[in-house]
Amino acid sequence: MDENEKFSNLRSNMLNTQIIARNITDNNVITAMKKIPRHLFVETNYLKEAYSDYPLPIGFGQTISQPYIVALMTQELELTKDDKVLEIGTGSGYQTAVLAEITRQVFTIEKITGLIKRAEKILNGLNYKNIHFSNSNGYDGWIEEAPFDKIIVTAAPKEIPKPLLEQLTDGGIMVIPLGFSGWSQTLYKIKKDGKKIIRQEICGVSFVPMVKEET
Ligand code: SAH
């Protein structure tokens, strides 16, 4: 069995035991995760664990999210191919690839230069043409490209950053973990309905903190 076949088997196994078995039903999400070579997004010393049921370190004190959490957050976004999506916290770029498989345009923001450069290289290597990168602070969103149909945040702030709410279209959806790191955090699905903000709890989660700009 060659390397690619080996990883493809690990990927099928991940889909069956961690994703489909746990009620992820969105076919777009399943198809994307079946296709994307997750092992390219982890550090080489974790290659064997690339398809395991937990987050992994990616350097700079950050992590690539557990596959199930990527699937769950993406499913909750209710993506269609016409969506313009903003992602805060590019990290490894794996979640970015899942979004880019499903939607028209993805705008991704990462604070750590080393990480966004690494992610950009991997994603360009995989030939994605619909991803735009910004090495900046996610608290500000991406005003020049707003509004966004969907926003996904993969680091946890204490409350929803106001610019992100403002940059969400009316009827748009944001998926975001809120709370203190090391304490209990909750993943929320936020819907913007005119002036009304509807918050729905999804589950308890554990994310790295969304870092404020140093002053
Ligand atoms: N989706 C990523 C998760 C990476 S962890 C993956 O699966 O690989 C969260 C990322 O958010 C980290 O890379 C961290 O550097 C970034 N981050 C934290 N605070 C941020 C901020 N204020 N603005 C932009 N990115 C931030």
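Scanning residues 5 or more positions from THR63 or on other chains, those with amide H under 5 Å from its amide H are ILE58, with H placed 1.01 Å from N in the peptide plane.
FRET efficiency for the PHE60 to GLU166 pair, using the beta carbon distance and R₀ = 35 Å, is estimated at 0.75.
Here the mean projected area of the convex hull built on the C-alpha positions of segment 161-215 is 4.4 nm². Dividing the radius of gyration of the alpha carbons in segment 1-46 by their Kirkwood radius gives 1.00 for Rg/Rh. Enumerate the residues in segment 144-186 having an amide nitrogen under 12 Å from the point lying 7 Å beyond the Cα of GLU201 toward its Cβ. Taking a point 7 Å out along Cα→Cβ of GLU201, the residues of segment 144-186 whose backbone N falls under 12 Å are 185-186.
Compute the relative contact order of segment 55-205 as a whole-number percentage, counting only Cα pairs closer than 8 Å that sit 6 or more residues apart in sequence. Result for segment 55-205 is 18 percent. Set against the 2.2 N^0.38 Å expectation for a compact globular protein, segment 26-128 has a Cα radius of gyration ratio of 0.99. Solvent exposure of segment 101-171 amounts to 47 Å² per residue of accessible area, where only protein heavy atoms count and the probe is 1.4 Å.
Under 17 Å of direct C-alpha separation, and excluding same-chain neighbours fewer than eight residues apart, LYS158 reaches these lysines: LYS189, LYS212. A straight line joining the Cα centroids of segment 84-106 and segment 9-69 runs 15 Å. List the longest stretch of the chain that has no exposed loop site; here a site is one of the GluC sites (Glu not before Pro) assigned by DSSP to anything other than H, G, I, E or B, with at most 12 other Cβ within 10 Å. Result, exposed sites excluded: 1-158.
Multiplying the residue separation of GLU5 and SER181 by 0.36 nm and subtracting their alpha-carbon distance yields 59.6 nm.
Shape summary: segment 55-205 maps onto an equivalent ellipsoid whose semi-axes, from the alpha-carbon gyration tensor, are 22, 18, 14 Å in decreasing order. Temperature 25 °C, viscosity 0.890 mPa s: under these conditions the Stokes-Einstein estimate for segment 88-161, based on its Kirkwood radius over C-alpha pairs, is 196 µm² per second. Here LEU47 sits with roughly 60 square angstrom of accessible surface, probe radius 1.4 Å. Using every pair of separate Cα atoms, the Kirkwood estimate puts the hydrodynamic radius of segment 119-188 at 13.6 angstrom.
Each stretch of four or more DSSP H residues adds -39500 (n - 2.57); spread over every residue of the chain, this sum gives -8000 deg cm²/dmol at 222 nm.
Between THR80 and ILE30, full extension at 0.36 nm per residue minus the direct alpha carbon distance yields a gain of 16.6 nm. Sequence-ordered 3J(HN,Hα) estimates for segment 129-141 from the Karplus curve with 6.51, -1.76 and 1.60 and θ = phi - 60° stand at 10, 10, 10, 10, 10, 9, 8, 8, 8, x, 4, 8, x Hz, glycine and proline given as x.
The values are calculated or read from the model by the stated rules, or taken from the named source; none is laboratory data. Keep in mind the model is a prediction, meaning the values are calculated, not measured. All Cβ positions, glycine included, derive from the backbone under ideal geometry; neighbour counts span all protein chains shown. Heads up: the accessible areas ignore ligands, DNA and RNA and are worked out on the full protein's heavy atoms, side chains in. Shrake-Rupley method; radii C 1.70, N 1.55, O 1.52, S 1.80 Å.
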